[in-house]
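The structure under discussion appears below in the form of structure tokens.
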Amino acid sequence: MPADNTADPDQQTRAPAGPQGGPTPGRLQVIRRNGKVTGFDPSKIAVAMTKAFLAVEGGSAAASSRVHERVEALTEQVVAALTRRLPGGGTVHIEDIQDQVELALMRAAEHPVARAYVLYREQHARARDQRREPVPATSDTRPALTITGDDGTPRPLDLARMTRLVDEACRGLDWVDPQAIVDETLRNLFDGVAERDVRQALVMAARTQIEREPEYNQVAARLLLDILRREALGALGLAEGVETQADLGERYGAYLAAYVARAIELELLDPELARFDLDRLGAALRPERDLEFGYLGLQTLYDRYFIRTRDAVRLELPQAFFMRVAMGLAINEADRETRAIEFYELLSSFDFMSSTPTLFNSATLRPQLSSCYLTTVADDLDGIYSAIKDNALLSKFAGGLGNDWSRVRGMGAHIKGTNGKSQGVVPFLKVANDTAVAVNQGGKRKGAVCAYLETWHIDIEEFLDLRKNTGDDRRRTHDMNTANWVPDLFMKRVAEDGPWTLFSPDETPDLHDLSGVAFERAYCDYEARAARGELRVSKTLRAVDLWRKMLGMLFETGHPWIAFKDPCNLRYTNQHAGVVHSSNLCTEITLHTSDAEIAVCNLGSVNLAAHVTAKGLDRERLRRTVRTAMRMLDNVIDYNFYNVPQAREANRRHRPVGLGIMGFQDALHRLGLSYASPEAVQFADRSMEVVSYYAIEASCELAAERGRYPSFEGSLWSRGILPIDSIALLAESRGEYLQVDTTTTLDWNALRARVREVGMRNSNCLAIAPTATISNIVGVSQSIEPTYQNLFVKSNLSGEFTVVNPELIAELKTLGLWDEVMVNDLKYYDGSLQPIERIPETLKQRYATAFEIDPRWLIEAAARRQKWLDQAQSLNLYMAEPSGKKLDNLYKLAWVRGLKTTYYLRSQGATHVEKSTLADHQRANRLSAVGGSYGAAEQTPRACAIDDPECEACQ
């Protein structure tokens, strides 16, 4: 490759004017190797890559045409990557730009060109080294930098303070290098840089090392704390003399009182908080727990959860945030301070975390703390548009929605008022879709809704097509989730290759409310009437054909999800009060709805990993956690802000809550178990049994203290039927099509007797939500999910974050296998251990990723959990190479194992691992990877990605 200046962006110091070569939007600037700052010019990237291509492929006409197209596309990728990392503009070092060029070439499988580019960089690096004057070892080579303070005045960079800050951030961590962070930060600074950019540069210097060493995750978080401290304390006039976390620790209590007073003054918090004993609460704060955050968790809190002023200044620090949430949840307690401290201890220790709406809104003027709302839509215009209005109101304050549309008459049905024919349910679903987009929950996250339709509805075939990218866009809902509400009779007809008849609900209204044997009897009667021509609208087809289309759309579009109507109703604890017509947005809530009642559920999740030792579950700690967590969830019901009266009445009458778990995969790692193993299935069973037992016990204790929930009489609870017992009710209806393990290990007879005697405070206690965001805050794996990848870049509304598996890396260190080459291998193989020969087979099995696990293991583990749950679980299924036969077997297995619902079907997408941030001296090791060909094939279309920023619906 020719070594001329045009191929090296470092030699180009002027950005040409005009649209062809002007700086990109976002006002990026480039720090050169000599410390100067110049405008960013993407044309120089194109020139460098063109030289590399031509050096490898020559300059023929055919080659030139291909080179032009490839360079244009790759340049756009590099620019997009840089602007994505710095969306508001900023500075980027020349080496980082060249790293991105290498990454783009490798991702594009342009291996010879990438190799040429790497060698070219090495050649120029050696030439620069030879040109440099030798420097005496005793001299300080760092340039004297001037920074621009937050007040606009210039002053010298305080290198001593920077070093103290970094040293504190690295304290107690064995595998990090404080000096390397300081050096990297200085490399990215320039004369006159803004003081706030210096603080951010420190964070970024640590953040780029996370893929190499997980402990830098905590270092980055601790450096981010400096930004938080300055912003929050500065806004309250308390920043003087607080330079480090140790300084803050002495003043956290005084800060809490000042923060609460100021937030009340700004009408951000409930004035009732001023009546708490703030001195006592301040003394109870644990400043050292600020240091337990990972970078992703703390950045997420900073970006989206902390209370801020109208001009976007954050007033909260982490421990004040947890105390604010705890104060809200304790606001109606008799001894408010004692309970607030108890709740604070649970949250700040990461043993339990409330759901996102609770964290957002607790102690605010409108404390909408509930996670999920379920509604049923009536079959008239007033009912339909009232339901859509309710969607908007509920979504406004961060609630996820599940709508049952099965009552709305289908296409071609008669409309008596106009003597016309109905256009069916689809046009109204389009309106609901657009409403969800319009109401974005105060800018904190997008509104989200899932529409449910029963499989016998005449519009079911059009419903299956709603998420397709082809066809009439007026009959598509690209932003709304959809789910099939499938009766057992349909699955039996599929298994027996029988017929299936579709009806319009205006002619078969009772099917909506029936389940089990009663549904079968009524359905068969309507089939006979349709055969005799007594119904206006009906259609008969093979059940297998409709099932195949359901699975085909599920693979093609990721929707509709599949949920099973009969187990949701036959095992429903409060079935005397109503019928379960749908699940919620994330398929873990199974509560009844009617025109008079909108079902509400309040969620929170136990960090299972925090309750596991090498010996197994710490049951006593888990019991304490569950008891306090259930009290917190029950408090939500009375404290909650309801802007729809049907939700308030239903929630207070039945008082359902949904206690779930997260960190299941982390718990398996700590126990040395592979997800794909009988031992993991057994652990899923036993751990959920313990959580279920303690949750029911806690609700029973609350009933003794506070009274039973009003609709208790007539429930399964009142008849001594616990969730484990309700399996028999499903078996009675299902017959041979149910295969569920029903073994137990705890003294359920004693608890059963206690429930019958005392009652329950809550109609429902248990539901496993996705925990997409709160697991990030806590720093554990999501919900019951297997490991997505052992190293990947996660995207959410706070940006992109490198995620590594610390348990794996700890084991690799023990085996002497963790080095720079292993980092490169993990990045190159998209976080998979399977192609890396020097990894022991035992580790490959234990750290197999989601797409490397047979999804039937996920079903088996979920079935063991489901027997203990009075609601359901958000169960994602992963399939690397989907096929019709595999999908057919998988979803039939889910039904036979008694699952109530399933969630996303996730197919494998192209890697999002950012294979960059390696230093110059490491590039030689990377050359061996450039010529490889391994990579995850893109499945088209990809149903859903685990790192999709939109997947933050419930938690």
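If you go through segment 258-285 and keep only what is closer than 19 Å to L329 by Cα, assigned to a helix (DSSP H, G or I) and among the charged types (D, E, K, R), you end up with E272, R275, D279, R280. Among the residues of segment 490-510, those identified as surrounded by fewer than 22 Cβ atoms within 10 Å (Cβ to Cβ) and either more than 22 Å from R548 (Cα to Cα) or hydrophobic (A, V, I, L, M, F, W, C) (or both) are A495, L502, D506, E507, P509, D510. Inside segment 181-194, residues that are among the charged types (D, E, K, R), surrounded by fewer than 19 Cβ atoms within 10 Å (Cβ to Cβ) and not in a loop (DSSP other than H, G, I, E, B) make up a count of 2.
Quick check on segment 556-576. Is at least one of its residues assigned to a strand (DSSP E or B) and out of contact with any helix residue (DSSP H, G or I) (no Cβ under 8 Å at 6 or more places or on another chain)? Checking segment 556-576: at least one residue is assigned to a strand (DSSP E or B) and out of contact with any helix residue (DSSP H, G or I) (no Cβ under 8 Å at 6 or more places or on another chain).
Annotation note: Cβ proximity below 6 Å between a residue of segment 594-614 that is within 21 Å of V579 (Cα to Cα) and a residue that is among the aromatic types (F, W, Y) and modelled with pLDDT under 95 (sequence gap 6+ or interchain) occurs for I598/Y373; V600/Y373.
Residue selection: R304 satisfies the criterion of being within 21 Å of S355 (Cα to Cα), of a type in the set (K, R) and in contact (Cβ under 8 Å) with a residue 40 or more places away in the chain. I'd like the full set of residues that are more than 27 Å from I768 (Cβ to Cβ) and buried (at least 24 other Cβ atoms within 10 Å of the Cβ), limited to segment 321-335. Correct list: M323, M327. The numbered conditions (1) assigned to a loop (DSSP other than H, G, I, E, B); (2) under 16 Å from D270 (Cβ atoms) are all true for L359 except (1). The single residue among R548, R624 that is in the same structural domain as P656 (by TED's automatic domain parsing), more than 28 Å from A448 (Cα to Cα) and more than 21 Å from the chain's Cα centre (by Cα) turns out to be R624. Within segment 587-600, the presence of a residue that is assigned to a helix (DSSP H, G or I), surrounded by 24 or more Cβ atoms within 10 Å (Cβ to Cβ) and touching a Pro at 6+ places or on another chain (Cβ under 6 Å) is excluded.
Just give me the residues in segment 888-906 being part of a loop (DSSP other than H, G, I, E, B) and either among the charged types (D, E, K, R) or more than 22 Å from T849 (Cβ to Cβ) (or both), in sequence order. Answer for segment 888-906, where residues must be part of a loop (DSSP other than H, G, I, E, B) and either among the charged types (D, E, K, R) or more than 22 Å from T849 (Cβ to Cβ) (or both): R897, G898, L899, K900.
Suppose the filter is in contact with a Leu (Cβ under 9 Å, 6 or more places away or on another chain), assigned to a helix (DSSP H, G or I) and small (G, A, S); does A206 pass it? So A206 passes the test.
Number of residues in segment 336-383 that are surrounded by 21 or more Cβ atoms within 10 Å (Cβ to Cβ), β-branched (V, I, T) and out of contact with any Cys (no Cβ under 8 Å at 6 or more places or on another chain): the value is 4.
Taking helices (runs of 4 or more DSSP H) that fall entirely within segment 774-855, which contain at least 1 residues that are without any contact (Cβ under 8 Å) to a residue 24 or more places away in the chain?
The helices (runs of 4 or more DSSP H) meeting that bar are 806-814, 820-828, 841-846.
Just to be sure, is N643 modelled with pLDDT under 95 and assigned to a strand (DSSP E or B)? Criteria not met by N643.
Of the residues in segment 412-421, how many are at negative phi and touching a residue at least 60 places away in the same chain (Cβ under 8 Å)? Here the count works out to 2. For segment 104-127, filtered to residues that are surrounded by fewer than 19 Cβ atoms within 10 Å (Cβ to Cβ) and under 33 Å from the mean Cα position of the chain (by Cα), the residue that is farthest from V79 (Cα to Cα) is A109. Any residue at all in segment 845-855 that's of a type in the set (G, A, S), surrounded by 23 or more Cβ atoms within 10 Å (Cβ to Cβ) and either out of contact with any Phe, Trp or Tyr (no Cβ under 7 Å at 6 or more places or on another chain) or in the same structural domain as T787 (by TED's automatic domain parsing) (or both)? No, the conditions are met nowhere in segment 845-855.
Any residue that is outside any loop (DSSP other than H, G, I, E, B), surrounded by fewer than 17 Cβ atoms within 10 Å (Cβ to Cβ) and free of Cβ contacts under 8 Å to residues at least 60 places away in the same chain - is there at least one of those in segment 708-726?
Within segment 708-726, one or more residues are outside any loop (DSSP other than H, G, I, E, B), surrounded by fewer than 17 Cβ atoms within 10 Å (Cβ to Cβ) and free of Cβ contacts under 8 Å to residues at least 60 places away in the same chain.
Only strands (runs of 3 or more DSSP E) whose full extent lies in segment 428-538 are considered here, and the ones with at least 3 residues that are not assigned by TED's automatic domain parsing to the domain that holds A731 are 449-454, 481-486.
Considering segment 240-254, and only residues there that are surrounded by 17 or more Cβ atoms within 10 Å (Cβ to Cβ) and of a type in the set (A, V, I, L, M, F, W, C), the residue that is farthest from the chain's Cα centre (by Cα) turns out to be V242.
When A263, A257 are checked against the criterion of being at pLDDT 95 or above and crowded, with 19+ Cβ neighbours inside 10 Å, a single residue qualifies: A263.
All of P806, P786 fail the test of being surrounded by fewer than 22 Cβ atoms within 10 Å (Cβ to Cβ), in contact with a helix residue (DSSP H, G or I) (Cβ under 9 Å, 6 or more places away or on another chain) and not acidic (D, E), apart from P806.
Applying the set (1) of a type in the set (K, R); (2) within 22 Å of A363 (Cα to Cα); (3) crowded, with 19+ Cβ neighbours inside 10 Å to R207 leaves exactly one unmet item: (2). With the requirement that a residue be farther than 23 Å from R339 by Cβ and either outside any loop (DSSP other than H, G, I, E, B) or touching a Cys at 6+ places or on another chain (Cβ under 9 Å) (or both), what does segment 302-328 give you? Y302, D303, R304, R308, R314 - these are the residues of segment 302-328 that are farther than 23 Å from R339 by Cβ and either outside any loop (DSSP other than H, G, I, E, B) or touching a Cys at 6+ places or on another chain (Cβ under 9 Å) (or both). Scanning for something assigned to a loop (DSSP other than H, G, I, E, B) and either farther than 29 Å from N876 by Cβ or acidic (D, E) (or both), does segment 623-639 turn up at least one residue? No: zero hits. Of the residues in segment 735-754, not one is assigned to a helix (DSSP H, G or I), crowded, with 19+ Cβ neighbours inside 10 Å and touching a residue at least 60 places away in the same chain (Cβ under 8 Å). Looking across segment 367-385, the residues that are of a type in the set (G, A, S) and either in contact with a Ser or Thr (Cβ under 7 Å, 6 or more places away or on another chain) or farther than 15 Å from V425 by Cα (or both) come down to S370, S371.
The values are calculated or read from the model by the stated rules, or taken from the named source; none is laboratory data. Keep in mind that this is a model prediction, so the values were computed, not measured. Virtual Cβ from ideal backbone geometry, glycine too; neighbours counted across all protein chains shown.
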